1. Every residue in the stretch 140-161 that is part of a loop (DSSP other than H, G, I, E, B) and under 21 Å from the mean Cα position of the chain (by Cα), please.
2. Filter the stretch 270-293 down to the residues that are outside any loop (DSSP other than H, G, I, E, B) and more than 25 Å from the chain's Cα centre (by Cα), then identify the one that is nearest to residue 306 (Cα to Cα).
3. Looking at the stretch 74-86, can you tell me whether even one residue there is in contact with a helix residue (DSSP H, G or I) (Cβ under 6 Å, 6 or more places away or on another chain), assigned by TED's automatic domain parsing to the domain that holds residue 239, surrounded by fewer than 14 Cβ atoms within 10 Å (Cβ to Cβ) and at negative phi?
């Protein structure tokens, strides 16, 4: 499989449309071995357009509000999917990809949007970009905190239902040993807390996904992924995780349905803690999958292209 990457030669002032995340994607695709400089031999056309604007510039601290506002990566010019279809000169030559945050789909048949959160259980998604690089904690051997969560403790969805707050309250009741803190400066830095944690909670925000997924994996904490109760039109519960058809999440994380929370935190977790061999095995799998998939944007891109290549074949 070969792809053609749109550059400023194809789209004038291209980088004026790109935020920080789009630039990271562009750099990763620019050097990949599947890239071709000849659009006539391409099986796929890559555009790095994304409306992700929370992504931080390197070296900024998450809780520094001024730095966060400066690093939002808001494009100099707004551009929507309809406009993107008009600026891509090879639109009729083959399938094109964009990376808009959500399930928004282009109207042109040759365009596909690959988001990092989706309501479609059959869709390929790219891992959500971690807002902080916590890979330096991966090799920490001593972890004195069993379970942790540091972040916004309430996050109502579009219907006003605070799934995150309800889940955290439930976990606190079932497992008082869990360390659950707000994002504001407190006992420990977010990264230091995760780096000291055996398990890291991954709980949905206003949609059934979280930046926290990659951050927890990067830190070396075993993810405890609380699955969303979101249902598709058929009534089936949607549990869409990056690469769910290619990765065995059971090897390096625990996925917990919301009705299973009480049993997990009153029974299962104690069984896990009494089996250090199993914990070590999961940590080894976690280290491997982090290195090959979740480490950074280039590994996200490489894994994504593997999935696309498999689908095309």
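The values are calculated or read from the model by the stated rules, or taken from the named source; none is laboratory data. Keep in mind it's a predicted model, so treat the numbers as computed, not measured. Positions of Cβ are generated from backbone atoms using ideal geometry, with glycine treated the same way; all protein chains shown enter the neighbour counts.
1. 151, 152, 153, 154, 155, 156, 157, 158
2. Per the stated criteria, the residue is 278.
3. no
So that you can scan it fast, the table gives a plain yes or no per residue for (1) over 18 Å from residue 252 (Cβ atoms); (2) crowded, with 19+ Cβ neighbours inside 10 Å; (3) modelled with pLDDT of 95 or more:
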site: 122; (1), (2), (3): yes, no, no
site: 131; (1), (2), (3): yes, no, no
site: 147; (1), (2), (3): no, yes, yes
site: 153; (1), (2), (3): yes, no, no
site: 179; (1), (2), (3): yes, no, yes
site: 194; (1), (2), (3): no, yes, yes
site: 197; (1), (2), (3): no, yes, yes
site: 218; (1), (2), (3): no, yes, yes
site: 229; (1), (2), (3): yes, no, no
